[in-house]
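For reference, the structure is listed below as structure tokens.
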Amino acid sequence: MDELLREWFDRNGRDLPWRGTRDPYAILVSEIMLQQTQVERVIPRWRAWLERWPTAAALAAATSGEVILAWQGLGYNRRALALHRAAQAIVTNGWPDDLTKLPGVGPYTAAAIRNQAFGEPVLPIDTNVARIQERTGHAFGPDSLQALFDLGATVCLARVPRCDVCPLAAACPSRGRRYEPLRKQSRFEGSFRQRRALTLRLVADAPRQLGELDSEAVAALSRDGLVEEEAGLVRLPV
Ligand code: SF4
């Protein structure tokens, strides 16, 4: 199955910019961005980020405020600070053997970096990869990672898989099945997450008086280190 999949990938794989590099820092940036943001939105932001901060050292030298500002629109802003702290840790101590020691890097992201940057034989298993393995009953090898990403994103979809165009169909026991809708993601509209995002956007535009802002959102942002408050003025950290 791995071979069938990789042949399909050679013809149909997406041209994602981070596939052209083995630089662990560039892969780290892509993986942190992709944790909670869709690929299409990440592509231009990843390029811009790497242009501005091409190395971990360049990012480590930025201020937290600059990093938060550059992250705006990607959502889940704590990732920006984690990435910044990870860059500082890499500059100070080098890449750790255990990548989960880096801020913002859990077991999945660590495995993704080990596979893509260091060429280690580990297969990071996200929901797409898990779904394909479960449906096909096949344990794919680490070299199939990029192909699995694309098959999961374009063919072996969660609810209505496109088995008619799937390269694995002849060997897949789940061919033709339909699936119940997955659990919906919690609504963003009207949520506290939205209030936090709006408040951070206002503060990213310019420092604001606390009285102008949603105080609960400011308190939460401040706890996460995303804003600072002094004498009633709320600003990005410097
Ligand atoms: S045949 Fe259908 S269920 Fe099986 S891997 Fe392909 S798309 Fe997924």
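Observations
- Per-residue packing, averaged as other Cβ atoms within 10 Å, sorts the ranges 140-153, 47-60, 206-219 into the order 140-153, 47-60, 206-219, beginning with the highest.
- Net charge of Cβ neighbours under 13 Å - reference Thr136; Lys, Arg +1; Asp, Glu -1: +2
- According to the Kirkwood relation over distinct C-alpha pairs, the hydrodynamic radius of the range 45-157 is 15.7 Å.
- Shape of the range 96-238, Cα gyration tensor, a/c cut at 1.5: oblate
- Each Lys or Arg adds one and each Asp or Glu subtracts one; over the other residues with Cβ under 13 Å from the Cβ of Arg208, this totals -4.
- Look at where the Cα atoms of the range 99-167 and of the range 190-238 average out, and the two centres are 36 Å apart.
- Likely footprinting exposure, Leu198, Leu102, Leu236, Leu123, fewest C-beta neighbours within 10 Å first: Leu198, Leu123, Leu236, Leu102
- The shape of the range 187-229 comes out prolate: with a ≥ b ≥ c from the C-alpha gyration tensor, a/c is at least 1.5 and a/b beats b/c.
- By other beta-carbon atoms within 10 Å, ranking Trp8, Trp18 with the fewest at the front produces Trp8, Trp18.
- Rounded, prolate or oblate (a/c below 1.5 giving rounded, otherwise prolate when a/b exceeds b/c) for the range 120-190 by Cα gyration tensor: oblate
- Remark: the chain carries a charge dipole of roughly 660 debye about the Cα centre, counting +1 on each Lys and Arg Cβ and -1 on each Asp and Glu Cβ.
- With neighbours defined as other Cβ atoms within 10 Å of a residue's Cβ, the residues Asp2, Asp10 order from fewest to most as Asp10, Asp2.
Read the figures in this text as sums done on the coordinates, not as results from a lab. Keep in mind the model is a prediction, meaning the values are calculated, not measured. Cβ: placed from backbone, ideal geometry, glycine included. Neighbour counts: every protein chain shown.
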